[in-house]
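Trainee: There's a structure below that I have some questions on.
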Amino acid sequence: MILEGVEIEDTYCEAFEGMVVRLMVTLRDEQLMQYTASQCTALPSVVVGRTEAGLERWIRGDETPDKNHGFITQIWGGWDPNNPEKSKKKFYKELGLRIRQGILVIPTTTVFNALESKTKLDLMENVGHCGDVYQSETVRFNRKMIKIPLMMGDWFIEREVGYQIGVSGGNIWLMCDSEKAALKAGKKILNALIDIPYIITPFAICSAGSKTVYEDQPHPDIGPTTNHPYCPTLRNQIDESLVPEGVVSIPEIIINGLSMNDVKHAMKIAIREAVKVKGVLKISAGNFGGKLGKHKIELNELYNEIVRNK
């Protein structure tokens with residue numbers, strides 16, 4: 001498959017189910033906005049049993065309950081359909097940690113629910129109780145909020161937030177002839193996706209696509225390790241190298257979305273943007289041989305839809 005002179009490999013990415021909340025964070029001090037967005041999405045990822053998060057989009061004051069500018073963030077956790085209560089309990093604990101350490105501590109922030117869902121999480125126990133008996137419930141902006149007194153004044157968060165099961169781990173790999181081309185293509189994709197609703201790119205431009213844990217792994221406590229067949233610097237050192245001739249940099253763009261359609265839509269945009277960049281030689285995707293993720297997203301399906309809608 002060829003698009004704008006760039007080969008699209010006939011392969012698939014392997015995506016997973018995950019729990020997700022969608023939060024609206026507003027600030028009275030706009031200079032802290034970029035810092036807050038970075039801080040609240042920078043904790044460990046779901047790969048090591050924590051939560052994964054990313055910036056969905058920036059929002060203006062006319063879109064928020066308190067008329068302050070801010071952003072929407074998605075926070076994700078692992079999901080085991082065979083043990084949903086355990087998944088929910090673990091996510092609830094980790095969600096509280098991320099909100100307390102990544103948002104509550106930053107001056108002038110307020111948190112609202114931004115996901116309409118029949119399933120809700122009550123944040124009093126995992127967030128509200130850090131008020132150390134001085135927290136209270138109040139109504140602001142026609143929403144039930146938790147009020148927590150802090151050293152710089154009262155802090156507010158909506159008491160209940162919606163959650164749902166979404167699709168995480170959609171991805172494309174950009175096989176490039178230089179680091180410069182790889183970064184240019186990655187940034188072009190991120191710029192195109194920042195205004196797309198309901199999706200995030202939790203790792204922005206990722207330099208370390210991983211492989212699954214394998215038998216006789218030298219350091220099993222590490223978990224997933226470097227995907228050595230696709231490391232360009234190992235191309236002439238190992239027999240199992242899969243790096244094409246001329247490729248010296250392979251960034252991965254990972255996409256999470258509230259639905260499969262959201263993820264596929266974002267992947268098509270990413271592919272269309274990537275093929276415009278000189279130095280992108282081939283587009284592929286990462287998977288684990290179909291052993292881990294519930295969903296397969298075929299690149300040939302996305303390619304056909306792109307060509308059909310040209």
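Every read-out reported here was derived from the displayed coordinates using simple, explicitly stated rules and does not represent laboratory data. Worth saying up front: this structure is predicted, and the values here are computed from it rather than measured. Methodologically, a virtual Cβ is constructed for each residue, glycine included, from the backbone with ideal geometry; neighbour enumeration extends over all protein chains shown.
Trainee: Expressed in nm to one decimal, what extension gain is obtained for the pair Q31 and D216 from 0.36 nm per residue of sequence separation less their Cα-Cα distance?
Mentor: Net length gain for the segment: 61.6 nm.
Trainee: Based on DSSP H runs of at least 4 residues, each adding -39500 (n - 2.57), what is the mean residue ellipticity at 222 nm of the chain after dividing by all its residues, to the nearest 500 deg cm²/dmol?
Mentor: Mean residue ellipticity at 222 nm (helix-derived): -6500 deg cm²/dmol.
Trainee: Using 20 Å as the cut-off for backbone N distance, which residues of region 14-42 belong to the label zone defined by a point 7 Å from the Cα of M152 along Cα→Cβ?
Mentor: 24-42
Trainee: So between K276 and E125, what do we pick up on full extension, going 0.36 nm a residue minus the alpha carbon distance?
Mentor: 49.5 nm
Trainee: What do you get when you divide the Cα radius of gyration of region 225-310 by 2.2 N^0.38 Å, with N the number of residues?
Mentor: Dividing the Cα radius of gyration by 2.2 N^0.38 Å gives 1.23.
Trainee: In degrees, nearest 10, range 0 to 90: what is the angle between the Cα axis of helix 84-99 and the longest Cα principal axis of the chain?
Mentor: The helix 84-99 is inclined about 70 degrees to the chain.
Trainee: Additional query: Could you tell me the largest-minus-smallest coordinate of the C-alpha atoms of region 17-164 on each of the three principal axes, in descending order and whole angstroms?
Mentor: For region 17-164, the Cα spread along each principal axis is 42, 32, 27 Å.
Trainee: Give me the Kirkwood hydrodynamic radius of the chain in Å, from all C-alpha pairs, to one decimal place?
Mentor: Result for the chain, one decimal place: 20.7 Å.
Trainee: Going by C-beta contacts inside 10 Å, put H219, H265, H129 in order with the fewest on the left.
Mentor: Fewest-to-most Cβ neighbours within 10 Å comes out as H219, H129, H265.
Trainee: Let me ask something else about it. Please find the FRET efficiency linking N191 to V133, where r is the Cβ-Cβ separation and R0 is fixed at 41 Å, and quote it to the nearest 0.05.
Mentor: The computed FRET efficiency comes out at 0.30.
Trainee: Volume per residue, Å³, of the convex hull around the alpha-carbon atoms of region 154-214?
Mentor: Values: hull volume 11.9 nm³, N = 61.
Dividing the Cα hull volume of region 154-214 by its residue count gives 195 Å³.
Trainee: May I ask you to compute the full-extension gain from S259 to E63, defined as 0.36 nm times their residue separation minus their alpha-carbon distance, rounded to one decimal in nm?
Mentor: Extending this stretch completely gives an extra 68.3 nm.
Trainee: Apply the Karplus curve 6.51 cos²θ - 1.76 cosθ + 1.60, θ = phi - 60°, to the phi angles in region 247-256 and return the couplings in whole Hz, x for Gly and Pro.
Mentor: Going residue by residue, I get 8, 10, 8, 10, x, 10, 10, 9, 10, 10 Hz, with x marking Gly and Pro.
Trainee: Further, regarding this structure: Once you wrap a convex hull around the alpha carbon atoms of region 177-245, what is its projected area averaged over all directions, in nm²?
Mentor: 6.6 nm²
Trainee: Of the cross-linked pairs K89/K211; K86/K264; K88/K296; K118/K147, which ones have a Cα-Cα span greater than 26 Å in the structure shown?
Mentor: Beyond 26 Å: K89/K211; K86/K264.
Trainee: Per the Kirkwood formula on distinct C-alpha pairs, the Rh of region 25-99 is how many angstrom?
Mentor: One decimal place: 13.5 Å for the Kirkwood radius.
Trainee: Same structure, new question: Less than 16 Å from a label point 7 Å out along the Cα-to-Cβ axis of Q164: which backbone N atoms in region 8-46 qualify, by residue?
Mentor: In region 8-46, the label zone of Q164 (backbone N under 16 Å from the point 7 Å along Cα→Cβ) covers 17-24.
Trainee: Another question, if that's okay. Binning at 10 angstrom from zero up to the longest distance, how are the C-alpha pair distances of region 257-301 distributed in percent?
Mentor: Answer for region 257-301: a P(r) of 21, 50, 26, 3 percent.
Trainee: Sticking with this one: Take the chain, connect every pair of alpha-carbon atoms lying under 10 Å apart with a spring to form a Gaussian network, then pick out the residue of G169, G293, G70 with the largest mean-square fluctuation.
Mentor: Its mean-square fluctuation being the largest, the pick is G293.
Trainee: Moving to a separate point now. Please report the spacing between the Cα centers of region 53-94 and region 184-241 in Å, no decimals.
Mentor: Each part's Cα centre sits 24 Å from the other's.
Trainee: Using the alpha-carbon atoms, what tilt in degrees (0 to 90, nearest 10) does helix 179-193 show relative to the longest principal axis of the chain?
Mentor: With rounding to tens, the tilt is 50 degrees.
Trainee: Taking a spot 7 Å from the Cα of R308 along the direction of its beta carbon, which residues of region 1-21 have an amide N less than 19 Å from it?
Mentor: Inside the label zone: 1-4, 8-13.
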